[in-house]
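Only one structure is covered here, and it is reproduced in the block below.
The values are calculated or read from the model by the stated rules, or taken from the named source; none is laboratory data. On a predicted model such as this, the values are computed, not experimentally measured, just so you know. Positions of Cβ are backbone-derived with ideal geometry, glycine not excepted, and every protein chain shown enters the neighbour counts.
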Amino acid sequence: MTSSYETIGRPVGRAEGPAKVTGKAIFPADVNLPGILVGKCLRSPFPYAKIVSIDADSVANARRVPGVHAVLTSDDIPSHLVGRMLRDMPILARDVVRFAGQKVVAVAAEDDDIAEVALNLIQIEYDELEPILDPNDSLKPDAPILHPDFMDYLGIPDGDQVHPNSAGHASWSNGDVEQGFAEADLVFEHTFKTNHQHQAYIEPHASVVYLDNSGRVQTWVNSKMPFQVRQQLSEGIDMPTDQIRVNATTIGGDFGGKGGFMDTHLGFWLSKATGRPVRMTMTYIEELMAGNPRHPAVMTFKTGVMKDGSITARQAHLVYDSGGYAAFKPARGVTYGYRCLGPYKIPNAHIDSDVVYTNQVPCGSMRAPGDPQSIFAAEAQIDLIARELKMDPVQFRLKNLVQDGDASPLGHYWKDIMGVKTLDAAVGEAEYNQPKPQIAGKLTGRGVALCERHVGAGSSTVKITIDAEGLVTLYTALPDTGSGFYTVLRQILGQELGVAYDQIKLENWSTDDVAFETGVGGSRVTHVAGQAVFRAAQELRRQLIAMSADMFGWPEDETGFSQGEVISPGKTPMSLGALVTLAGGLMEADHTYDSERDEDITVFCVQIAEVEVDIETGQVLLTKFTSAHDVGAILNPLGHQGQIDGAVMQGIGYALTEDLQYDEGHVTTLSMGEYKIPSMPDMPELRTVLVASESGGPSPYGGKAIGEQGISSVAPAIINAILDATGVSISEIPVSSEKLFRAMRETSET
């Protein structure tokens, strides 16, 4: 018998919301320990330079400023290199700086103002070097080698370094790509470019570190992967992990950018030097000049087709700009871009993906890392080819989309392939085949793009307790990143035990309390943590039902749960608290769920944009946007739609407005007023179509992922709509009105 208190499928609000709106949620910047100091950094003004000297007298003067407790240079700390996987970044710059914004000197002081006074006294002599600002320049034979000691670093990818400025290379192949091009009637080659995109979370990176009286390191850091941070900190300060505790805090937005350590190593050395806790909080200027934004990329696609539109071969060379360091890259090897061939029947395919060093800001992960860049290029080229073939872009895709029994471009055989159904649903909802509006002074167009993405995997451990009062408590080491999974996990638990989801208490474990937790990201949480909760709840159900049978003779197959009670037909309901009291006052169950990604499962997303382009200015108005998703069971429709809406908004910014601009290696967009994320007036009419998959997904109740696939096809849909409206091919995003106006004028003059 199942629970009659249905929570799954209800559009419920955030269970964790009240704590956030009342100020009870604790973020790292809220941690205020006795004697806490402020940590601040003096950063490099140059993108590439040798450090000739740090004036010793100026450092001494800074140390004498009243309220200053420590001033550290690289000479004051061990020469360790740190990183998430590839350890290539010094905690404070030694000998050379590799991007404008790199930390060179650190100060711990009583407050921000005192720290700034001290930093302003420090004098550093630099010898400027010619920076590498373009990733293609980084691969030239005569390019200066930015990391000459790369092969000595820890965590480098397996295999040979393909170029002295390469931080990693990967290839994927299927069939014989040269034979495929030889068989083609036509071969097309295009190059595309994307810029940096910052995650634009409200809360900047922050951490508190304290070497406590027992010699243990206590840290509070807004990282979504606390166990990985513990390991990274351990490696950087030469302390065993059991001497480091990462304490739970709330995170004020992530979008992929808060998976690492940021300032925790430096906070430790400042704390050790002062004997006091140290808080380091980046300003938004520092975030934009020295955070870890999405990698820019330069991507060349070569595609062979027959005259009937059949694709015979596709080759891609992807060059991702790592910036000055690869320390924020979440993998040893290169994982970016392997979905760029699309879910098409391509018998011959090859991808080369390079991550290269330049002298720009070090890059890291952002929602669906590697995909928005490469899928923009791939899907934009699809429309350019269809245009040359005089085929409708939708029909071109339908001709080539994989269906059940077809292999993907890299030879995978997915199950329950929903590409055609999702595309058809999007076309219908968007009224794609209806005449486009005719507006004086405007050019109108529609564009389509699609993609697929996996459901993530990993490891998660939870514990559930029920006390004598009937209070249900869920314990997890997952940090709250703001995406709503704390609500979904409680919905799953409430569904199984017949308890209102918002009456379930949630307790956060630190890294001391459980062996491991993969953390948040990779479209994994509802699957991995959800299954852990579901299975632990199932064990508690089994125990409670068995007790009811043993004590009262209730039939096990007719016993269930509703509104905080154990129920059985014809029996007087008993509260959970009363039954638990009979069991000794506390019942608990835990479960660790481990999984590897099922390569047979993929999730499709199709997006269709409708635009108006002003003929006189090139301004793009996005008037309507249709987002269609291949879904399984939807656990919380409100949260599910929120993920779609947020992904679309970020994709619109990526396509049209968000541009981390540089001037000779210096970031010039140093405020959120200059770095223009979309606001509500920029949002078009948004239509969402949910296409149910019969087989569902691996999450509890058959759910699929929704967090990441929604962003990747937004930009190409918009760019393809602009192409449809104007006939102008856009190969670089974001596309401003000035950029489009110039392109329209150049096209009209040819």
Test Val533 against the criterion of being touching a residue at least 40 places away in the same chain (Cβ under 8 Å), touching a helix residue (DSSP H, G or I) at 6+ places or on another chain (Cβ under 9 Å) and surrounded by 17 or more Cβ atoms within 10 Å (Cβ to Cβ), and give yes or no. yes
How many of the residues making up segment 133-174 are in contact with a Phe, Trp or Tyr (Cβ under 9 Å, 6 or more places away or on another chain) and of a type in the set (Ser, Thr, Tyr)? 2
I'm trying to understand the selection: among the residues of segment 17-53, which are among the charged types (D, E, K, R) and either surrounded by 19 or more Cβ atoms within 10 Å (Cβ to Cβ) or closer than 30 Å to His147 by Cβ (or both)? Lys40, Arg43, Lys50
Select the strands (runs of 3 or more DSSP E) contained entirely in segment 285-368, then report the ones holding at least 1 residues which are basic (Lys, Arg) and either in the same structural domain as Ala449 (by TED's automatic domain parsing) or over 19 Å from the mean Cα position of the chain (by Cα) (or both). 297-305, 311-323
Wholly within segment 413-477, which strands (runs of 3 or more DSSP E) include no fewer than the required count, namely at least 1 residues that are within 30 Å of Glu565 (Cα to Cα)? 459-467, 472-476
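Conditions tested, residue by residue: (1) surrounded by fewer than 24 Cβ atoms within 10 Å (Cβ to Cβ); (2) in contact with a Gly (Cβ under 6 Å, 6 or more places away or on another chain); (3) on the phi < 0 side of the Ramachandran plot.
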| position | (1), (2), (3) |
| --- | --- |
| Leu443 | yes, no, yes |
| Lys463 | yes, no, yes |
| Gly470 | yes, yes, no |
| Ile492 | no, yes, yes |
| Val525 | no, no, yes |
| Gln538 | yes, no, yes |
Is it true that Ala62 is touching a residue at least 60 places away in the same chain (Cβ under 8 Å), assigned to a helix (DSSP H, G or I) and small (Gly, Ala, Ser)? yes
Looking only at residues in segment 378-433 that are touching a residue at least 40 places away in the same chain (Cβ under 8 Å) and among the polar types (S, T, N, Q), which one is nearest to Leu690 (Cα to Cα)? Thr422
Ser234: passes all of (1) touching a residue at least 40 places away in the same chain (Cβ under 8 Å); (2) under 25 Å from Ile91 (Cβ atoms) but (1)
Right, Ile634: surrounded by fewer than 24 Cβ atoms within 10 Å (Cβ to Cβ) and either farther than 30 Å from Tyr48 by Cβ or not aromatic (Phe, Trp, Tyr) (or both) or not? yes
Among the residues of segment 1-16, which ones are surrounded by fewer than 18 Cβ atoms within 10 Å (Cβ to Cβ), hydroxyl-bearing (Ser, Thr, Tyr) and in contact with a helix residue (DSSP H, G or I) (Cβ under 9 Å, 6 or more places away or on another chain)? Thr2
Selection status of Ala56, assigned by TED's automatic domain parsing to the domain that holds Trp220 and crowded, with 18+ Cβ neighbours inside 10 Å: no
